Amino acid sequence: MEKVFHSACPLNCWDNCGFTVTVEAGKIKKIEGDADHPITKGKICARGRMLEKRINSSKRLLYPLKKVDGQFSRISWEQALDEIAAKLQEYKQRFGTTSVLHSHDYANGGFLTNLDRRFFNCYGGVTELTGSICWGSGIEAQRWDFGDAYSHAPEDLLNSKTIIVWGRNVARTNMHLYEQLQKAKKGGAKLIVIDPIYNATAKIADEYISIKPGFDGFLAAGIMKEIIRLHLEDKDFIEHYSLGFDGLVETLDEVMLEDIQTYTEVSSETMTMLAKTYSERPVATMLGLGMQRYANGGNTIRLIDALVAISGNVGISGGGANYANLHVGQSFNVEAITMPSRKQASRTFSMMKQAEGILTAVDPEIKMAVVTCGNPLTQIPDTNKARKAFVSLETLVVIDQYMTDTAELADYVLPVTAAFETEDIYYSSMYHHYVNHGPKLVEPPGEAMTDAWIWTELANRLGFGDAFSFTREQWLESGLSFLHEKGITLEQLRQRKFAELPVEKIPWKEKKFQTRSGKYEFSSKQSPGGQLSLSFPIETKWTNPTLAAKYPYTLLTIHPLRSNHSQNYHLLEKEPIVKVEIAEDIAEAKGLKAGDQVRVWNDRGEIFGTVVLFKKAHPGTINIDEGIWRKFGGPVNLLTSDRESDNRQGSTIYDCLVNIERN
């Protein structure tokens, strides 16, 4: 007999949808949207629906595996945990705890995935990863400017006179924002899209502006120069609530508008139009993640922030530099779960440089890595270096639901439960401000176990099991403890399915910022961010003409439509292929047509795929979706660099020149 239950999407996604899940005979039969959810309102995307296949697939890992003579063999949990614990104890005694690397990414948004951090802190502290391949540069940039990275509540968009979607295809990555844009347009708001690719969001825009990839910061500078020339700046905000405006003006004076026009390939007339538009507030700016994945990524976001600030669109209804929603995650007591006070030693690599770190670390060397919630062999840049690094380890443990590219290299693979197989709470850290409850609905297959069980068993073997002697209910209540006085408890979430978190719906409305000065900081020698810079991407014809002559095309690696990063490629009905999307000018110059087989390459590697023609894209632009598994022809990170962004917290995976030829 079928029964329908409430649940929520666990994926690392802007929307974090509410679900209804149909269960029959102990199996997930269907996943639909929960019409009661105040934000997602019953609509979910293909990635969410794919969770049914992900849960039920016969390809799931069912038992602990150990590699013996190059082949995986099934072993018992007792043997697996005993041997892994013995390895951890050995490396701790011989080399110190930082000889172990914990590689953790963002495959799942469940709150209790943080228990891995508790384990490694109690172990004594390991080598950890900082920054983010996805959005790290922008987060750090907004911390320097505002003191933190906050966005307006979704409903506030309806108060905007103009909405500028900058470098973000919300139709693909944020479907409920896409709906909100349509609603705002019907209410009279003007929609402008700035992007190198004429995407589905651009199709509904009142105006589409094509820009050369990597030069968004220069465009923001050009608009600001015009605002200042036309005396349209918000003098009250600048005088009373900001610091370093003179430093910003000095930076803007370093470049002529004509040069900005050359770099961005956007006309000066368009910059003037945007200057006037920004001054006719309120203007909401919805920033994407791609434009900060360059060597100049942090400064790019800071320049756009500065544009929003000088035009008077900070702290007002319908405005904002909307990039991230960190105040959502700050509602939870993460430290109660992670126990940072138990850490005795520490070393960090940036997420982008983890392969380099493994290969070059000394005192101690990295002997062992444990991978949770991630698949670094497809996701981190410079795949060839990453493979070399992970192969070099004495011991590699991967905790996953499937035999991923990374798991194939492991010495031990441990099967972990999926969403719907254990209770957790889920929250969006990017778009809306609701926490959702996800109950346990079905039993896991085979011998798959929860994260909490795995860490508890290992902790027991290593002598700190007392730190894990809690029920799942106790863990969750501990994480919700900051919210108890607001009436948000686990029992309440179980009954009501979701809860609105107590966050500011219009950030900075009191003009009190979390910077050292308490003001918005355009540019300050005293602040962590220092002076703003009009810097270039590192792979361009201006910064490296020899490289650009050899590799004349810009490669983007955008998120796939039907897979959350690398998670679903092996579950698609048709075996995936590497699609090489190219702009019209490339097709004409190379004599290529749709369906042609091509080689795309640079000094870091090569990848082979099938041509798809962009209907409209900025000249010289190529895209290959990220996350494709090795056996399907990928990943595209064979081509990308592991350099860090200017603030060292983000990747430069879009800062990538390539060439292309018929194969």
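THR162: touching a helix residue (DSSP H, G or I) at 6+ places or on another chain (Cβ under 9 Å) and under 28 Å from GLN344 (Cα atoms), yes or no? When the stated conditions are applied, THR162 does not pass them. Within segment 66-79, residues that are outside the structural domain of ASN460 (by TED's automatic domain parsing) and free of Cβ contacts under 8 Å to residues at least 60 places away in the same chain reach no partner that is exposed (fewer than 10 other Cβ atoms within 10 Å of the Cβ) and part of a strand (DSSP E or B) with beta carbons closer than 8 Å at six or more positions or on different chains. Answer yes or no as to whether LEU191 is in a helix (DSSP H, G or I) and of a type outside the set (Asp, Glu). Answer is no for this residue.
Residues are listed down the side, and each one gets a yes or a no for (1) out of contact with any helix residue (DSSP H, G or I) (no Cβ under 9 Å at 6 or more places or on another chain); (2) of a type in the set (A, V, I, L, M, F, W, C); (3) in contact (Cβ under 8 Å) with a residue 40 or more places away in the chain:
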{"residue": "GLY438", "(1), (2), (3)": "yes, no, yes"}
{"residue": "VAL442", "(1), (2), (3)": "no, yes, yes"}
{"residue": "TRP455", "(1), (2), (3)": "no, yes, yes"}
{"residue": "LEU458", "(1), (2), (3)": "no, yes, yes"}
{"residue": "SER469", "(1), (2), (3)": "no, no, no"}
{"residue": "SER481", "(1), (2), (3)": "no, no, yes"}
{"residue": "THR489", "(1), (2), (3)": "no, no, no"}
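Scanning segment 251-277 for residues that are touching a residue at least 12 places away in the same chain (Cβ under 8 Å), under 25 Å from SER517 (Cβ atoms) and among the acidic types (Asp, Glu) gives a single hit, GLU254. Counting only residues that are surrounded by fewer than 17 Cβ atoms within 10 Å (Cβ to Cβ) and either β-branched (Val, Ile, Thr) or at pLDDT below 95 (or both), how many does segment 572-597 have? Qualifying residue count, segment 572-597: 5.
Inside segment 173-217, residues that are of a type in the set (D, E, K, R), over 26 Å from TRP542 (Cα atoms) and either in the same structural domain as ILE558 (by TED's automatic domain parsing) or in contact with a Lys or Arg (Cβ under 9 Å, 6 or more places away or on another chain) (or both) make up a count of 4.
Does segment 449-471 include one or more residues that are more than 25 Å from the chain's Cα centre (by Cα) and part of a strand (DSSP E or B)?
First pass over segment 449-471, keeping only residues more than 25 Å from the chain's Cα centre (by Cα): 449, 453-471.
This time we only want the ones that are part of a strand (DSSP E or B), so: 449.
Checking segment 449-471: at least one residue is more than 25 Å from the chain's Cα centre (by Cα) and part of a strand (DSSP E or B).
Determine if segment 320-337 includes at least one residue that is in contact with a Lys or Arg (Cβ under 9 Å, 6 or more places away or on another chain) and crowded, with 24+ Cβ neighbours inside 10 Å. No, segment 320-337 has no match at all.
For (1) crowded, with 22+ Cβ neighbours inside 10 Å; (2) modelled with pLDDT of 95 or more; (3) in the same structural domain as LEU303 (by TED's automatic domain parsing), each residue gets a yes or a no:
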{"position": "GLN89", "(1), (2), (3)": "no, yes, no"}
{"position": "SER103", "(1), (2), (3)": "yes, yes, no"}
{"position": "TYR106", "(1), (2), (3)": "no, no, no"}
{"position": "ASP145", "(1), (2), (3)": "yes, yes, yes"}
{"position": "TRP166", "(1), (2), (3)": "yes, yes, yes"}
{"position": "ALA171", "(1), (2), (3)": "no, no, yes"}
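Residues that are part of a loop (DSSP other than H, G, I, E, B) and either free of Cβ contacts under 8 Å to residues at least 24 places away in the same chain or of a type in the set (Gly, Ala, Ser) (or both) do not occur anywhere in segment 554-561.
The values are calculated or read from the model by the stated rules, or taken from the named source; none is laboratory data. Here the structure is a predicted model, which is why all the values come from computation and not from measurement. No Cβ is skipped: glycine too gets one built from the backbone with ideal geometry, and neighbour counts run over all protein chains shown.
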